[in-house]
1. Out of (1) in contact with an Asp or Glu (Cβ under 7 Å, 6 or more places away or on another chain); (2) in a loop (DSSP other than H, G, I, E, B), the odd one out for Ile264 is which?
2. For region 1-34, what are the residues that are of a type outside the set (D, E, K, R) and within 23 Å of Ala92 (Cβ to Cβ)?
3. Can you tell me which of Ala173, Ala158 is of a type in the set (A, V, I, L, M), surrounded by 14 or more Cβ atoms within 10 Å (Cβ to Cβ) and within 21 Å of Gly110 (Cα to Cα)?
4. Have a look at Ser245, Ser270 and point out the one that is under 17 Å from the mean Cα position of the chain (by Cα) and hydroxyl-bearing (Ser, Thr, Tyr).
5. Any residue in region 17-31 that is over 23 Å from the mean Cα position of the chain (by Cα) and part of a loop (DSSP other than H, G, I, E, B)?
6. When only residues in region 98-122 that are over 16 Å from the mean Cα position of the chain (by Cα) and free of Cβ contacts under 8 Å to residues at least 60 places away in the same chain count, which is nearest to Gln65 (Cα to Cα)?
7. Within region 292-317, can you find the residues that are in a loop (DSSP other than H, G, I, E, B) and more than 16 Å from the ligand (Cβ to nearest atom)?
8. Hey, among the residues in region 4-23 that are charged (D, E, K, R) and away from the ligand (no atom under 16 Å from the Cβ), which one's surrounded by the fewest Cβ atoms within 10 Å (Cβ to Cβ)?
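What follows draws every value from the coordinates through simple rules; no lab data is involved. Everything quoted here is computed from the prediction, not taken from an experiment. Cβ sites come from the backbone with ideal geometry, for glycine too, and all protein chains shown count toward neighbours.
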Amino acid sequence: MPNRAEQEALRAAIHSTPIIDNHAHPLLKREHLSKHALLTMTSEAHGDALPSTKSSLAHVRAVKQLSGILGCERTWDAVEKQLESKRGADWANWTRTCLQGIECVLVDDGLDGMDSAESYRHFDALTPGKSKRIVRIEPLVEELIRHHCSRIDKADDAFAAVVVELRATILEALCDTEVVGFKSVICYRTGLDIPAPEDRPEMVGNVVSTSPAFKTFARIHASRLEHPELNEYYVHLLAVCIRDSETETKKPIQFHTGLGDNDIQLTKASPAQLQNFIKTYPSVPMVLLHAGYPYTRELGYLAAMYGNVYADIGEVFPMVSRAGQEHVVRQILELCPWEKIMWSTDGHWFPETYFLAVVQMREVFAAVIGDMLSQGDVDQEEGVRLVEGVLFSNANRLYNLGLTMNKSTSACS
Ligand SMILES: [Zn+2]
């Protein structure tokens, strides 16, 4: 049995290891905070599905935790009222409090509604380390298609112009020290079952596709890139650019997997659907996001078996219950080496999403890894290394951030 001092050392590591938040999104500008429902902090549900989130375990736990830090009654009404009152002169301090413990944020700023949001640089005033960008590929392509289709009549020529400029933009991002990776939401658009290039001859090398899908897209000037051939083509193009890049460390692609809103085709959201793509580009690092929830074991399997696959275990904090989070941590560790696992908040819009993620992660890590220590499955040193790897070292290495782990800069609460 480990003694108290060993459990305490583990707890100290969980609370003081600075966190590299490897996947999150911008905060809303203060004047736009009321545009989004606060209820979405713990749920991906929208519309008529959202109100019932009040009876989810994720929500009721968050109410208790938020009321604790706000010093108000343990009801959602009281919490909402207090959160709205924070949006005054104290806003910057409150935001900083919510981000305590986070060293730096890797920001995917390719969301819809970015007009209402702060830039990724905004985090620099809130965390000790500098934030970096993750470039989302789909909005980039959509912008290029809109631009070139508005000035070029012939679909084939417009397609060729998009490919040339997209390639140039990706190459520029590969050299940009502010950009540490890419992100694809193909999971949301056409699913993760991306065919291998040999199944789609037009995807090989630099051959320009004259696909009917592009002609349709060009004709209707759709604002959303959602045609299997096209989405797959551009993701292959991204992977080819990364594969062929000559830098010592290759910038990873983050893929949305699993947990998302009702826009997702759940049957095509399992990380296992991505296996062919993973095998096609063994030198391209891929981070599969959101614990692949509910397909967490599939994620752990892939990250264990492929050198280029990494498992992110974010978003489930605070989106699923405590028991669900504990299952996620246990399931990912069933097979997956801890040096392939990274943590993130998937924080977005509201600073409280970061706060909840950090507080809940600490509770769950203490319970699950503490249990492993009690059982003798890991010793104190291994438990601490696991924590430091998942929260800091693995992301520091993969995204080539070059940071030094300085525990004194991190809040211990
Ligand atoms: Zn996200």
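1. So the condition that Ile264 fails would be (1).
2. Start the filter on region 1-34 by keeping residues that are of a type outside the set (D, E, K, R), which leaves 1-3, 5, 7, 9-10, 12-20, 22-28, 32-34.
Matches in region 1-34: Pro18, Ile19, Ile20, Ala24, His25, Pro26, Leu27, Leu28, His32, Leu33, Ser34.
3. On the way: Ala158 fails: within 21 Å of Gly110 (Cα to Cα).
After applying the criteria, what remains is Ala173.
4. On the way: Ser245 fails: under 17 Å from the mean Cα position of the chain (by Cα).
Only one candidate passes the filter, namely Ser270.
5. So far as region 17-31 goes, no, none of its residues is over 23 Å from the mean Cα position of the chain (by Cα) and part of a loop (DSSP other than H, G, I, E, B).
6. That would be Arg121.
7. Filtering region 292-317 down to residues in a loop (DSSP other than H, G, I, E, B) leaves 293-295, 306-308, 313-315.
Result: Pro294, Tyr295, Tyr306, Gly307, Asn308.
8. As a first pass, look at region 4-23 and keep what is charged (D, E, K, R): 4, 6, 8, 11, 21.
Next cut, away from the ligand (no atom under 16 Å from the Cβ) only: 4, 6, 8, 11.
Details: Arg4: 7, Glu6: 18, Glu8: 12, Arg11: 18.
Step by step, filter region 4-23, then rank; the result is Arg4.
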